[in-house]
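The values are calculated or read from the model by the stated rules, or taken from the named source; none is laboratory data. Since the model is a prediction, treat every value here as computed from it, not as a measurement. Note that we place each Cβ from the backbone using ideal geometry, even for glycine, and neighbour counts take in every protein chain shown. To get the accessible areas, we keep the full protein, side chains included, count just its heavy atoms, and leave off ligands, DNA and RNA. Shrake-Rupley method; radii C 1.70, N 1.55, O 1.52, S 1.80 Å.
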Amino acid sequence: MSVFTKQGNQWIVRNDVNDEASINDICKSLGYETNQFYSYMNFDQPYDYDNNSDSIQCICLKVMTEDIICVITNPGRTILSKEDVNHYMEDFVFSREYSYYSFEEDLKSAISEHNWSIQFVGDTLGVSYSPDDTELYSSRYKMNFIFEGGYLVDYEIADGYNREAHDLEESGSPLYEKIETHAQNYHGSNDDAIINEINIQCNAFYNVPSGVNNENLRDFANADGSYNFKMLLVAKYQGTEYEQGINYEDCKCVCHNELKFEGNVDEGLDKLAKYRYRDYLLTFDDKGTLVSCVYSKNTSRSTQNNSNNSDAPQTSGSGCMLTLMSVLCFMMMMVAAIIVVF
């Protein structure tokens, strides 16, 4: 393989790099560990640019950026132009090639390997820093990077939203808007509760089998067109790989006014509280941990729904009126009969 790096505006072949090395070894010889770069391969590249356009094998880029580290081509190539690289990269989409998932995997690896220095992170993100800093903030990722001894040891999303919420919002999905609107309409100005509900529902959505095509989804639909994905997993997937638990506070957060207190239960030394959510009874212990969730048809809810159905026949009031009129008519006939007799 031939390896090219950029010097000024020129792509220069590197004769000091082993042309038989692996991609990982090539990048390591250029100063990058495996969790400090990612590679892009354009398998759909058209071959009508020039005779050499198909000789590029891949392009390696610096994590968290679109900055190219090197271009790797077939062996023997000695010249690489700016146009060659631009042509190969014309289908490149950063968010697709380097997702939040990839980002977090690199961060976890960096913490485990202890090999992201504050210099590497600061230079990569274009953030000013001093060697003694313990925290850097990236406005691009809305994330705080935490350092000890000059190396990354932790990170946190600064705006409070989790990866699933960020991914769903950035995808432009109408589903995210429904989740957000549903939370805002109930929690009002309580931003912490809004963020918490959005995080819970977005995380749950990413774990729901078949997503919006899930066979049980209709049972967990809300009136505004959103869905309670979290309760779908809690209620329908117990004992499966998709099972999720929930504590009382989060349950109250996502179920809103539909979570109804059913009473206290004493089981030995355990103090339990039962709540109803639609057709399910949930039992929580005194620490707010979910103990059980069982199906229990909510007959009162069904009755209420039927009484509010505008298409249902309205018989109760009209029936009483007809009965009263029948009695009056009968009495009038009896009076008329008595008058005729006398």
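What lysines could a cross-link reach from LYS142, if we take a straight Cα to Cα line under 22 Å and drop same-chain neighbours fewer than 8 places away?
LYS62, LYS108
Treating only the Cβ atoms of Lys and Arg (+1) and Asp and Glu (-1) as charged, compute the dipole magnitude of segment 203-274 about its Cα centre; round to the nearest 20 debye.
Details: 7 positive and 12 negative charges, 34 e Å.
Dipole of segment 203-274, to the nearest 20 debye: 160 debye.
Segment 197-215 to segment 237-260: how many Å between their Cα centroids?
13
Using θ = phi - 60° and the Karplus form 6.51 cos²θ - 1.76 cosθ + 1.60, what ³J(HN,Hα) does each residue of segment 128-137 get, whole Hz, x for Gly and Pro?
5, 7, 10, x, 8, 5, 10, 8, 10, 10
Round to a whole number: what % of the accessible area of segment 119-246 belongs to carbon and sulfur, probe 1.4 Å?
C and S atoms contribute 40 percent here.
What shape does segment 51-170 have by the C-alpha gyration tensor, where a ≥ b ≥ c are the square roots of the eigenvalues, rounded means a/c under 1.5, and otherwise prolate means a/b greater than b/c and oblate the rest?
Taking the square roots of the gyration eigenvalues as a ≥ b ≥ c, segment 51-170 is prolate.
Restricting to DSSP loop positions (anything but H, G, I, E, B) with no more than 16 other Cβ atoms inside 10 Å of their own Cβ, which GluC sites (Glu not before Pro) remain in segment 64-133?
Passing both the DSSP loop test and the Cβ count: GLU66, GLU90.
Provide the gained length on full extension for the span GLU156 to SER117, in nm with one decimal, where the gain is 0.36 nm per separating residue minus the Cα-Cα distance. It would help to have the intermediate numbers written out before the result.
Numbers: separation 39, 0.36 × 39 = 14.04 nm, distance 1.69 nm.
That works out to 12.3 nm of additional length.
Please go through segment 160-232 and write out the GluC sites (Glu not before Pro) that DSSP classes as loop and that have at most 11 other C-beta atoms within 10 Å.
In loop regions of segment 160-232 (DSSP not H, G, I, E or B), the sparsely surrounded GluC sites (Glu not before Pro) are GLU215.
Please report, in debye to the nearest 20, how large the charge dipole of segment 134-281 is about its Cα centre when each Lys and Arg carries +1 at its beta carbon and each Asp and Glu carries -1 there.
It works out to roughly 420 debye.
Students often forget the sequence filter, so: which lysines lie under 22 Å Cα-Cα from LYS260 once same-chain residues fewer than 8 apart are removed?
Cross-link targets: LYS230, LYS236, LYS252, LYS271, LYS274, LYS287, LYS297.
Spelling out what I want: for every residue of segment 215-229, take phi, set θ = phi - 60°, compute 6.51 cos²θ - 1.76 cosθ + 1.60 (Karplus), and round to whole Hz; glycine and proline get x.
Result, rounded to whole Hz: 5, 9, 4, 4, 5, 10, 7, 9, 4, 8, x, 8, 9, 9, 4.
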